[in-house]
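Below you'll find the structure, written out as structure tokens, and then a few comments.
The values are calculated or read from the model by the stated rules, or taken from the named source; none is laboratory data. Everything numeric in this text was worked out from a predicted model, so none of it was measured. Positions of Cβ are generated from backbone atoms using ideal geometry, with glycine treated the same way; all protein chains shown enter the neighbour counts. Only protein heavy atoms, including side chains, enter the accessible area calculation; ligands, DNA and RNA are left aside. Shrake-Rupley method; radii C 1.70, N 1.55, O 1.52, S 1.80 Å.
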Amino acid sequence: MKYLRPYDLAREHGISTQAVRNYERDGFIPLARRTASGYRTYTEVHAAALRAYLALVRAYGYATGGEIMRSLSTGDLDAALTAVDRGHAQLLRDRSTLDAVGRTVEHLTRGPALTEHTSSASGEPLSIGELARRLGVTAATLRNWEAVGILTPAREPVTGHRSFGATDVRDAELTHLLRRGGYPLEHIRTVVRQIRTAGGTEALSAALEDWRRRLTARGVAMLDAAARLGGYVTLLDIAPAGPPAAGEPAPAPESPSTV
């Protein structure tokens, strides 16, 4: 078996040996064996783990990448795959919302007013809690968006509770999308106001095109992460036996024993 030094792992990725030690400490790569003199020795399993972790960070971020690797370190493959699935589900939701907003922009360029909500089949107003759950954010976040002028929900006459209609929900979904794209609230407020007033949509179109490129880059990063992660799982030998490969006949059932 070939043994590797911290320097060997670090050099491949252009990181410091201290970073490698930190990743080991945090459970992102397996613990290294120590020589009699106390030096760390790594193997190809550690190298594969580091490749997988760094690819996961690029695709899913530090929190999810660390969650996946820590789950694998305990042999919990299902927990790791669940985290992967959540990332893909979020990407799919982002694409769906982006497409819905794109249709809104197209509508605005063809007509003077927006008359149809683009992402909700229900015309019933939502409470702040319902909208927060729909988007996966906190109610405090929605109140902050209202405070800076992005959202303008109605108020119930008796209770004073916020009521988010179809246009408010659209604005909240657009804000959530652009925030994940890294846009500041001031920029988003301008974009949302453009949508509301059916004014120029050039800024919105540019923002959406930039976010589409980011989603594509994230999808490609997920493909690379899947390959790296699959290689690491194979080395760990924790995956259950899969179905026969395409074109390979399934084994015939055993005949019942005869007496």
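Summary of values
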quantity	calculated
All positions within the range 15-57 that are touching a residue at least 60 places away in the same chain (Cβ under 8 Å), open to solvent by 50 Å² or more (accessible area, probe 1.4 Å) and of a type outside the set (Lys, Arg)	Glu44
The range 33-51, subset modelled with pLDDT of 95 or more and among the small types (Gly, Ala, Ser), residue nearest to Arg11 (Cα to Cα)	Ala47
Residue that is surrounded by the most Cβ atoms within 10 Å (Cβ to Cβ), among those in the range 128-151 that are charged (D, E, K, R) and more than 23 Å from Ala89 (Cα to Cα)	Glu146
Enumerated helices (runs of 4 or more DSSP H) restricted to the range 1-112, each holding at least 3 residues that are under 16 Å from the mean Cα position of the chain (by Cα)	44-60, 62-73, 77-110
Search result, residues across the range 165-191 that are of a type in the set (Gly, Ala, Ser) and either in contact (Cβ under 8 Å) with a residue 40 or more places away in the chain or in a helix (DSSP H, G or I) (or both)	Gly165, Ala166, Ala172
